[in-house]
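Enquirer: The structure under discussion is supplied below as structure tokens; questions concerning it will follow.
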Amino acid sequence: MKAPQARFVRLVVDERCWAPEGEEGHSFHWNFIRVLADELHRVAVPPSAVILMPAGAITTDAEGPLSTSKDALVRLRHTIAQFDLGRLRHEVLLGVDLNHHGTWLQSVMHLDDGRQPSFEDITVKSYPASSERSTLWGWNIAWENEGQLPAELTRGRVISTHAGPILVLVCHEAVLLSNRSRSRLVDSVAMQLRESIEARLHSGVRFVLLATHYLDTQSGRVFKSVASQLEQEGFVPIVTTFAPSGQLDDVAGRFGITASEVATLLVDAH
């Protein structure tokens, strides 16, 4: 890892760290947390740096229904309480995906100082890939409200960290900012979601996290395109992901970052 004084450290993680473990459909990634904690210690990541993780770093079944926003907050809190995240000893933005009978709540959670996360610490994925349109919790909520997420679910679009504010896009949400989407999208719900994201984007933030689940050297053209657009507009896009074990360097380079405030950490499975 370079840039020892970086404000943010983005992770490109060996997909083998993400291998599901556990029983009865659970995918508690104990190994991922252990490997990451060891790696942060080994490379002496500054304690002031904010660690930016991929989407879905923790993926598991929800311990109860996801009927309301409050339900979502309770389930997410319950999930992270089962992990020894304190051993990371850093402020983190962590991808957490919950499954309840085929409905998926995908999110990025801001964790700091062991305090209970609030709605201001949670970014909920609201725009689906085509295969997720019937199963993505955030999209279903937006659809029921004609493109408007409940106010509490918009508070975490921009996360306040010790390193500064950062706008968070959870995986496929980034597609809404692509040139192709801007020119072709006609879905009124999706257009409302994009307007909401763009309003927050132009509210004084500089850093933008694109937290993705998986990229390799051939995939993710739209993420690369959106990152390039954001950079041209003066933002600092930061792409995090899981990747094939033999491609970490190449994937990190393909979605590289020029800002000195951001360092890249490659996390191998071992």
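Since every read-out is calculated from the coordinates, none of them should be taken as a lab result. This structure is a prediction, so every number in the text was calculated from the model and none was measured. Backbone-built Cβ (ideal geometry, glycine too); neighbour counts: all protein chains shown.
Enquirer: Tabulate in residue order the Karplus-calculated ³J(HN,Hα) for segment 239-251, using 6.51 cos²θ - 1.76 cosθ + 1.60 with θ = phi - 60°, rounded to whole Hz; enter x for Gly and Pro.
Expert: Per residue, the Karplus-derived 3J(HN,Hα) values read 9, 10, 5, 8, 8, x, 4, x, 10, 4, 4, 5, 5 Hz.
Enquirer: Given a Förster distance of 22 Å, report the FRET efficiency between Met191 and Thr135 from their Cβ-Cβ distance, rounded to the nearest 0.05.
Expert: Working from the Cβ atoms, E equals 0.55.
Enquirer: Something else now. Can you bin the chain into rounded, prolate or oblate? Criterion: square roots of the alpha carbon gyration tensor eigenvalues sorted a ≥ b ≥ c, rounded for a/c under 1.5, prolate for a/b above b/c, oblate for the rest.
Expert: The shape class here is rounded.
Enquirer: Quick one: if you stick a label point 7 Å off each Cα along the C-beta vector at Arg184 and Arg34, how many nm between them?
Expert: The modelled label-to-label distance comes out at 4.5 nm.
Enquirer: Here is a further query. Mind giving me the nanometre distance, one decimal, between the label points for Arg206 and Glu233, set 7 Å out from Cα along Cα→Cβ?
Expert: 1.8
Enquirer: Where in segment 125-162 are there GluC sites (Glu not before Pro) that are in a DSSP coil and have at most 15 other Cβ atoms within 10 angstrom of their Cβ?
Expert: Of the GluC sites (Glu not before Pro), the ones in loops of segment 125-162 whose Cβ has at most 15 other Cβ atoms within 10 Å are Glu146.
Enquirer: Just to be sure I understand: of the beta bridges DSSP finds with both ends in the chain, what percent are antiparallel, rounded to 5?
Expert: Close to 35 percent.
Enquirer: Using the beta-carbon distance between Asp84 and Thr217 and R0 = 35 Å, what value does 1/(1 + (r/R0)^6) give for FRET efficiency, to the nearest 0.05?
Expert: That pair, Asp84 with Thr217, gives E of 0.55.
Enquirer: Further question on the same structure: Measure off 7 Å from each Cα along the Cα-to-Cβ vector at Asp250 and Ser160, then give the distance between these two points in nanometres to one decimal.
Expert: 4.3
Enquirer: Let me ask something else. Work out, step by step, the length gained on full extension between Ser67 and Ala44: first 0.36 nm times the residue separation, then minus their alpha carbon distance; give nm to one decimal.
Expert: Additional length available on full extension: 4.1 nm.
Enquirer: Over segment 8-267, what is the relative contact order in whole percent, taking alpha-carbon pairs under 8 Å and six or more residues apart?
Expert: Value for segment 8-267: 23 percent.
Enquirer: Skipping prolines and chain starts, which residues have an amide H placed within reach, meaning under 5 Å, of the one on Val236, given they are 5 or more residues away or on another chain?
Expert: Phe207, Val208
Enquirer: Ignoring the sites themselves, what is the longest stretch of the chain with no trypsin sites (Lys or Arg not before Pro) in a DSSP loop and at most 10 other beta-carbon atoms within 10 Å?
Expert: 116-270
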